[in-house]
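Chemist: My questions all concern the structure below.
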Amino acid sequence: MAHLVQVGLGSGGMSVIDMLVRDIRISKLTLIEPDILKPHNLSRHLLGSDSVGNSKLLSAVKWLKDRNRNLEIISIDAFLQEPEKQAQINNAIKGADLGVCAVDNEEAKYHWCSLMRHHCIPWTLGEVLSGGIGGFIHTFVPGGPCYACACTYLKREGPKESKDSKPDYSHPSGQVEEARIPASFASIQTIAALHALATIDLLDAKIKSYSFLLPLQKVDGIFSESLKKIVVNISKNESCLFCRGEVKVVNDVDDLLQKKLKELSGGLGS
Ligand SMILES: [Zn+2]
C-alpha cells in the first residue's frame, strides 16, 4: 500500500487528488494546504458553496474520505515553507512513496523539490498555463534532474529573481510574456487528469524522469496545433546549484529506488 504526500489543494490539486484516491493502492495521504475556500474559487474548484469560508484542507479531507473511506489522512494546515512547521512536515513526509506538487508559486515548488530530494521520493508536478492554453506535466525522480534543472532548461527564473519577472512557461525558448488569465475548469481538469496519470505511473513503479507539454489550444506564435504532445527532454544540469554534488549519492539513490520499485511492484497487489 502506498503513502502519497501532496502540497496544494487549489483547483488543480483538488482535482488531481480526487482522481488519485479512487486507486485503492493509495492507503495513506499527507496533505499540506493553508488556505480557505473563497467565493471566487467556486467556478474552478470541486468543492462547493457549502465549503466557502472553511479550510480547503478540512473540506478536502471530508470529500476524499467520502470517496475512499479506508484512507488514513494526515492533514497539515500550513504554508509549505513555514519555518516552525518544517519538523512536522519532514516527519510526515518521511518514508512516503510518492509526491504530488500542486502549487503555483515558484518558491514552494523549489522547497517541495528539496524535500522530495532529501527524502528520496519520486514526485509529479502539473502546471496549467495562463488562460488554460495548455499545461506541463513533470515527473521527477531521485537522482534525476530536479525542478531547478527543469527551470534552467525552460529558461525560468529562480525563486529569488521571480518577483518582478514573468516566466514564459508556454514557450521555453521564446519571448512571449505570459499574462495571468484564469484557466477554464475544463483546462484545469484536463491537465489534472494527465497529472494524475503521471502519478499513477509512479504507483505502477514506472519511475522515470519525464516532462511534456500539452497544448490545449492553437495559439498563434506559441502552439501551431492543439493536443499535440511536446516532449521536453530535460537533462540534469551538472552545474545546478540545487542538485549538483548529489552525484556521489546516486548509487545510494539507485539502491533506494530499486528497493522502492520492489516494494511498489511486490506489495501492491489488489
Ligand atoms: Zn538540479
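The values are calculated or read from the model by the stated rules, or taken from the named source; none is laboratory data. Not measured: the values here are computed from a predicted model. Note that each Cβ is placed from the backbone with ideal geometry, even for glycine, and that neighbours are counted across all protein chains shown.
Chemist: Which of the residues that make up segment 216-236 are in contact with a strand residue (DSSP E or B) (Cβ under 6 Å, 6 or more places away or on another chain) and away from the ligand (no atom under 16 Å from the Cβ)?
Modeler: Leu216, Phe223, Ser226, Lys229, Ile230, Val231
Chemist: Of everything in segment 1-31 that's under 13 Å from the mean Cα position of the chain (by Cα) and part of a loop (DSSP other than H, G, I, E, B), which residue is surrounded by the most Cβ atoms within 10 Å (Cβ to Cβ)?
Modeler: Here the residue is Leu9.
Chemist: If you don't mind, another one. Within segment 155-165, is even one residue among the small types (Gly, Ala, Ser), modelled with pLDDT under 95, closer than 25 Å to Glu238 by Cα and within 16 Å of the ligand (Cβ to nearest atom)?
Modeler: yes
Chemist: Among the residues of segment 49-60, are any touching a His at 6+ places or on another chain (Cβ under 9 Å), in a helix (DSSP H, G or I) and over 22 Å from Phe242 (Cα atoms)?
Modeler: So far as segment 49-60 goes, yes, one or more of its residues are touching a His at 6+ places or on another chain (Cβ under 9 Å), in a helix (DSSP H, G or I) and over 22 Å from Phe242 (Cα atoms).
Chemist: Working carefully through the options Glu106, Glu72, Glu84, Glu127, find the one that is within 16 Å of the ligand (Cβ to nearest atom) and acidic (Asp, Glu).
Modeler: Matching residue, one of Glu106, Glu72, Glu84, Glu127: Glu106.
One line per residue, one yes/no per condition, for (1) charged (D, E, K, R); (2) modelled with pLDDT of 95 or more:
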position: Gln86; (1), (2): no, yes
position: Asp104; (1), (2): yes, no
position: Trp112; (1), (2): no, yes
position: Gly131; (1), (2): no, no
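Chemist: Here is a further query. Output the number of the condition that Ile234 fails; it satisfies all remaining conditions of (1) crowded, with 20+ Cβ neighbours inside 10 Å; (2) more than 18 Å from Pro122 (Cβ to Cβ).
Modeler: (2)
Table: residues versus (1) of a type outside the set (A, V, I, L, M); (2) assigned to a loop (DSSP other than H, G, I, E, B); (3) at pLDDT 95 or above.
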{"residue": "Ile188", "(1), (2), (3)": "no, no, yes"}
{"residue": "Ser211", "(1), (2), (3)": "yes, no, yes"}
{"residue": "Gln217", "(1), (2), (3)": "yes, yes, yes"}
{"residue": "Ser226", "(1), (2), (3)": "yes, yes, yes"}
{"residue": "Ser239", "(1), (2), (3)": "yes, yes, no"}
{"residue": "Asn251", "(1), (2), (3)": "yes, no, no"}
{"residue": "Ser265", "(1), (2), (3)": "yes, no, no"}
{"residue": "Ser270", "(1), (2), (3)": "yes, yes, no"}
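Chemist: Let me ask something else about it. Filter segment 21-43 down to residues that are over 19 Å from Met116 (Cα atoms) and of a type outside the set (Lys, Arg), then give me how many there are.
Modeler: Counting residues in segment 21-43 that are over 19 Å from Met116 (Cα atoms) and of a type outside the set (Lys, Arg) gives 13.
So that you can scan it fast, the table gives a plain yes or no per residue for (1) small (Gly, Ala, Ser); (2) modelled with pLDDT of 95 or more; (3) loosely packed, with under 11 Cβ neighbours inside 10 Å:
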residue	(1), (2), (3)
Pro34	no, yes, no
Leu46	no, yes, no
Ser51	yes, yes, no
Arg69	no, no, yes
